[in-house]
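Report on one structure; see the data block that follows.
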Amino acid sequence: DQQVKQNSPSLSVQEGRISILNCDYTNSMFDYFLWYKKYPAEGPTFLISISSIKDKNEDGRFTVFLNKSAKHLSLHIVPSQPGDSAVYFCAASPAGGTSYGKLTFGQGTILTVHP
Amino acid sequence: DGGITQSPKYLFRKEGQNVTLSCEQNLNHDAMYWYRQDPGQGLRLIYYSQIVNDFQKGDIAEGYSVSREKKESFPLTVTSAQKNPTAFYLCASREYGYTFGSGTRLTVV
């Protein structure tokens, strides 16, 4: 049962254009969402997060949007740069209890930004 | 520099052998995690520990074992009972956010 889904295995965009990566979740207990970037043979690095009390969070070129009613979030990268080419993982975490801090990851989307 | 060290980076083992992957952190984090990455499946949680001498099974714990005798260390043993051990293994620790190690690529031949 995949509780966090990234339905696009890959995305290809031109340098300077917008990259939009999507993520859907099914578990209503999730209330904190994160995006990670990962290069081959390295650990993921944190990009940006959003709490369920917000619908948008922005950090430089990266913006995450959350639609709680649709259980959907997206990561926008504007403008896209060749160095953004990597695997992007969406992750979700419940608020508290014994599962506090446990992250459930999506399958990942490979982003390729062409010069 | 504070961080998480996973060793070795690449590991080869014969089928049927147990193997232990090392994870050490100097961040003074209480919580530590082990994830497995397979192509097209994202990162799946194997085991996690919220505090020394305590750990819980994650989503895919079968065939794995862990220990948490020290705050800094959270080794993962891949036993011969794990049916598909070849994968990329990631260790992480958490205080307010997650910090990941650089991973160990285990290949069973």
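Side notes on the structure shown:
- Of all residues in segment A:77-89 being more than 26 Å from B:D38 (Cβ to Cβ) and in contact with an Asp or Glu (Cβ under 7 Å, 6 or more places away or on another chain), the one that is surrounded by the fewest Cβ atoms within 10 Å (Cβ to Cβ): A:P82
- Residues in segment A:11-54 that are over 20 Å from A:G108 (Cα atoms), of a type in the set (D, E) and modelled with pLDDT under 95: none.
- Taking segment B:81-93 as the range and being closer than 16 Å to B:R68 by Cβ and either surrounded by fewer than 22 Cβ atoms within 10 Å (Cβ to Cβ) or more than 10 Å from chain A (Cβ to nearest Cβ) (or both) as the test, only B:S93 passes.
- Flag if A:G60 is more than 19 Å from A:D24 (Cβ to Cβ) and small (G, A, S): yes
- Residue check for B:S67: more than 10 Å from every other protein chain (Cβ to nearest Cβ), modelled with pLDDT of 95 or more and surrounded by fewer than 19 Cβ atoms within 10 Å (Cβ to Cβ): yes
- Within segment A:32-52, being within 28 Å of B:P8 (Cα to Cα) and hydroxyl-bearing (S, T, Y) holds for A:Y36, A:Y39, A:T45.
- No other residue among B:G101, B:G58, B:G97 is small (G, A, S), within 18 Å of B:N28 (Cβ to Cβ), surrounded by 15 or more Cβ atoms within 10 Å (Cβ to Cβ) and within 14 Å of chain A (Cβ to nearest Cβ) apart from B:G101.
- Residues located in segment B:74-86, provided they are modelled with pLDDT under 95 and aliphatic (A, V, I, L, M): B:A81
- In segment B:43-64, the qualifying residues are those that are among the aliphatic types (A, V, I, L, M) and farther than 18 Å from B:T104 by Cα, and the one that is modelled with the highest pLDDT is B:V52.
- Single condition A:A95 does not satisfy, out of (1) small (G, A, S); (2) modelled with pLDDT under 95; (3) touching a Gly at 6+ places or on another chain (Cβ under 8 Å): (3)
- Qualifying residue in segment B:3-17 (condition: within 13 Å of chain A (Cβ to nearest Cβ), closer than 24 Å to A:P94 by Cβ, within 15 Å of the chain's Cα centre (by Cα) and crowded, with 21+ Cβ neighbours inside 10 Å): yes
- Only one of B:I51, B:I46 that is within 14 Å of chain A (Cβ to nearest Cβ) and out of contact with any strand residue (DSSP E or B) (no Cβ under 7 Å at 6 or more places or on another chain): B:I51
- Those strands (runs of 3 or more DSSP E) lying entirely in segment A:25-115 with at least 3 residues more than 14 Å from chain B (Cβ to nearest Cβ), in contact with a strand residue (DSSP E or B) (Cβ under 6 Å, 6 or more places away or on another chain) and touching a residue at least 12 places away in the same chain (Cβ under 8 Å): A:62-67, A:72-77, A:109-114
To keep it simple, each residue is scored yes or no on (1) surrounded by 18 or more Cβ atoms within 10 Å (Cβ to Cβ); (2) on the phi < 0 side of the Ramachandran plot; (3) hydrophobic (A, V, I, L, M, F, W, C).
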{"position": "A:K37", "(1), (2), (3)": "yes, yes, no"}
{"position": "A:F46", "(1), (2), (3)": "no, yes, yes"}
{"position": "A:S49", "(1), (2), (3)": "no, yes, no"}
{"position": "A:D55", "(1), (2), (3)": "no, yes, no"}
{"position": "A:L75", "(1), (2), (3)": "yes, yes, yes"}
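The values are calculated or read from the model by the stated rules, or taken from the named source; none is laboratory data. Every value quoted in this text rests on a predicted model; they were computed, and no experiment measured them. Glycine also receives a Cβ, built like all others from the backbone with ideal geometry; neighbour counts cover every protein chain displayed.
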